[in-house]
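Worksheet for the structure shown next.
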Amino acid sequence: MPSAVSLRRAARETVSGLPREFWWLWTSTLVNRLGAFVATFMVLWITLDLGGSAFYAGLVVSLHGLGGVLSSLGGGVMADRIGRRPTMLLAQLSTAASVAVLAFMRDPVAIAAVAFVVGMASNASRPAVQAMMADIVPEKDRVRAFSLNYWAINLGFAVSSTAAGFVAEVSYRAGFLVEAGMTLVCALVVFLKVPESRPEATGATAGPAGDVGLGTVLRDRRFMSLVGLSFLVALIFQQGFVGLPVAMGEAGFTPADYGLAVALNGVLIVALQIPVTRFIQHRDPKRLLVISSLLAGYGFGLTAFAGSVGVFALTVCVWTLAEIVNAPTQTGLVVRLSPAQGRGRYQGMYTMSWSVAALVAPLMSGFVIDRYGADWLWGLCALVGTAAGLGYGALMRRLPGEEPVPAEVPRQAGPADEEPVPADVPRQAAAGDTPADRRNPSVH
């Protein structure tokens, strides 16, 4: 059975060599996503169970998203100031409490207010989780680690969405309480098994010269360029869940048709994320980001020519492949450009780009479809994908550490080798790095 042996070897190589702390963090992420309910069923809860209008449901969802935008930065600052672990625990406990409270709300104003709090609490832990993974996983393994985490998120979401559908038929309140309980389990895993990983400020990073504030992040033009490109890519991917259902509905397709087509997104991520990561982890990140941006843009662009569920499903396959490649590669680039003492803030700013895209995408798709038609939306996606691909190509030409250390300039070993390097200072290749290691930027 050569194929079975090869599969076992591939699986072993995929999961081997990562720190134990990473696997406990991975477990907490999986548990958290297995309990996801509020974000998926909030609109149905408000419109079907509570009898609210579509406008009010949209307002509540927008407030939930706005809370996530604000907490992206706040969670990043907390991760750097008080630590990754305390930030995660505070966010998870707050999420559990606010979700449980939301389950018993019936007043429209109270629902909107608590939904905003839930959005803030649930998103606040993401920068801390990403920063901790960057702290505890060696650089050469980060692409693999972030990909495994992304896989856990999608696996948990796929399972929870299916289970939550059955729970919702019995009681929406029960679904909210299940999410609160699972979030408490997630916090318990972090409390018992995940140690603090925040780097201590020593040497050159101690004192004012080593302080990394939000102003430092905003003045980092290279990193903010990446945030802008991330926003463009996220704006494209969001159309699979805001523009695509509207366009398919206007074309006469049923919700079941849309569900069948978009279900491929989760199925393909769960099935292909790990093998695709094995294929891309030692390849040029510049090429991967350019190609994935073009695949995303033109994958949605092809939707303009879709006339059947099968063709819609084919377009979903194209942009899902782009998502599988882009997510770990782009996250690794964020880590590469982030100084160790400011990883929380940098991750927070990066997370915010996706949160803002989630707010803008529904407005953009609604305006374009209503004013010009769905075909214009898909053409715009192709243009945005092209612009993002060109942007990544330009950005990667200016990255630090792309060139090997000249032979005539010996590196001096010492304590400085262990100290974080600010994002705007070119980094020298570490001793023992292979060319492939230097090309990979260590990784949603």
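The values are calculated or read from the model by the stated rules, or taken from the named source; none is laboratory data. Given the structure is predicted, the values throughout are model-derived calculations rather than measurements. Neighbour counts are summed over all protein chains in view; Cβ atoms, including those assigned to glycine, are modelled from backbone coordinates with ideal geometry. Remember, those area values only see protein heavy atoms, side chains included, never the ligands or the DNA or RNA. Shrake-Rupley method; radii C 1.70, N 1.55, O 1.52, S 1.80 Å.
Data for the structure
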quantity: Residues satisfying the stated conditions in the stretch 259-306, i.e. among the aromatic types (Phe, Trp, Tyr) and open to solvent by less than 40 Å² (accessible area, probe 1.4 Å); calculated: 300
quantity: Residues located in the stretch 219-245, provided they are open to solvent by 30 Å² or more (accessible area, probe 1.4 Å) and among the charged types (D, E, K, R); calculated: 219, 221, 222
quantity: Residue in the stretch 128-147 that is at pLDDT below 90, over 18 Å from the mean Cα position of the chain (by Cα) and of a type in the set (Lys, Arg) present; calculated: yes
quantity: Residue check for residue 233: assigned to a helix (DSSP H, G or I) and either modelled with pLDDT of 95 or more or not hydrophobic (A, V, I, L, M, F, W, C) (or both); calculated: yes
quantity: Test: residue in the stretch 171-191 that is within 15 Å of the chain's Cα centre (by Cα), of a type in the set (A, V, I, L, M, F, W, C) and open to solvent by less than 60 Å² (accessible area, probe 1.4 Å); calculated: no
quantity: Condition check for residue 291: more than 14 Å from residue 388 (Cβ to Cβ) and not basic (Lys, Arg); calculated: no
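Condition check ((1) among the β-branched types (Val, Ile, Thr); (2) modelled with pLDDT under 95) across all residues:
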| residue | (1), (2) |
| --- | --- |
| 293 | no, no |
| 298 | no, no |
| 304 | no, yes |
| 308 | no, yes |
| 313 | no, yes |
| 316 | yes, yes |
| 323 | no, yes |
| 326 | no, yes |
| 331 | yes, yes |
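Residue by residue, here is whether (1) in a helix (DSSP H, G or I); (2) closer than 20 Å to residue 270 by Cα holds:
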{"site": "78", "(1), (2)": "yes, no"}
{"site": "97", "(1), (2)": "yes, no"}
{"site": "100", "(1), (2)": "yes, no"}
{"site": "106", "(1), (2)": "no, no"}
{"site": "115", "(1), (2)": "yes, no"}
{"site": "121", "(1), (2)": "yes, no"}
{"site": "127", "(1), (2)": "yes, no"}
{"site": "132", "(1), (2)": "yes, no"}
{"site": "161", "(1), (2)": "yes, yes"}
